[in-house]
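J.: Handing you a structure now.
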Amino acid sequence: MDALDHLCHLVEGDPEFEKEFYAASTPDEMVTLAVDGGILIDADDFRALLRSGSTEFWLVRGEESANPIAHLQQVFSV
């Protein structure tokens, strides 16, 4: 499981984490949230993973407010 999958599973499994995740609107906020969740990643790593399209959690679920990958793409301008 890569960092994006791990983060998406945290979003899906923890309502408080999900709320904080969708409230994050800058790369710095998202990196801080990920690190606080035990995922060691920086903004450049996020961008590289989002560009690769390799996460198993790459789901099309509608709007950015309901799809963790779409929200990450918005936050990191990918």
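What follows draws every value from the coordinates through simple rules; no lab data is involved. Keep in mind that what you see is a predicted model, and the values were worked out from it rather than measured. All Cβ positions, glycine included, derive from the backbone under ideal geometry; neighbour counts span all protein chains shown.
J.: Of all residues in segment 18-49, which are buried (at least 16 other Cβ atoms within 10 Å of the Cβ) and hydrophobic (A, V, I, L, M, F, W, C)?
T.: Of everything in segment 18-49, those that are buried (at least 16 other Cβ atoms within 10 Å of the Cβ) and hydrophobic (A, V, I, L, M, F, W, C) turn out to be Phe21, Ala24, Met30, Val31, Leu33, Ala34, Ile39, Ile41, Phe46, Leu49.
J.: Mind counting the residues in segment 1-17 that are closer than 14 Å to Asn67 by Cβ and surrounded by fewer than 18 Cβ atoms within 10 Å (Cβ to Cβ)?
T.: Counting residues in segment 1-17 that are closer than 14 Å to Asn67 by Cβ and surrounded by fewer than 18 Cβ atoms within 10 Å (Cβ to Cβ) gives 1.
J.: Restricting to segment 14-44, name every residue that is of a type outside the set (Ser, Thr, Tyr) and not in a helix (DSSP H, G or I).
T.: Of the residues in segment 14-44, the ones of a type outside the set (Ser, Thr, Tyr) are 14-21, 23-24, 27-31, 33-44.
Correct list: Asp14, Ala24, Gly37, Gly38, Ile39, Leu40, Ile41, Asp42.
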